[in-house]
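Asks: Pasting a structure below so you can have a look.
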Amino acid sequence: MQSTDSKREKEKRVVAQMIRLFCKRQHHQADLCPDCREVLSYAMDRSDHCPFMESKTFCSSCKVHCYRPEMREKIRDIMRFSGPRMLLYHPALAVSHMLLAVKERMNKT
Ligand SMILES: [Zn+2]
């Protein structure tokens, strides 16, 4: 379905942006460090295989949690750091439902 595909693409784009921003600020890398590169490719892979793309809002708020534990920790740190900053740097990409999902997540933990 076309809308599912575009949702998937959007999610991947936003996640990639967030990981890049996180690495730049936290690890002071011009490009991605090996660690963050691993998270990025993992996240892209998860999005590609997500069977819930149609109904969920965003991977970080997905109830199923297909991320394995250590990756979930990493992506959560990235979301927590980059989520609010996405508004400043990439307002066009910062879709409101995504930020809601991040907030929801932060309140829970
Ligand atoms: Zn990094």
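Bear in mind these aren't lab numbers, they're just calculated from the coordinates by the rules spelled out. Fair warning: this is a prediction, and the values are worked out from it, not measured in the lab. Positions of Cβ are generated from backbone atoms using ideal geometry, with glycine treated the same way; all protein chains shown enter the neighbour counts.
Asks: Within the stretch 73-88, list the residues whose amide N lies under 14 Å from a label point set 7 Å along Cα→Cβ of Gln26.
Replies: 73-86
Asks: Right, something else. Using per-residue counts of other Cβ atoms within 10 Å, averaged over each peptide, order 24-35, 8-19, 68-79 from highest down.
Replies: Details: 24-35: 12.2, 8-19: 18.4, 68-79: 15.5.
Top of the packing list down: 8-19, 68-79, 24-35.
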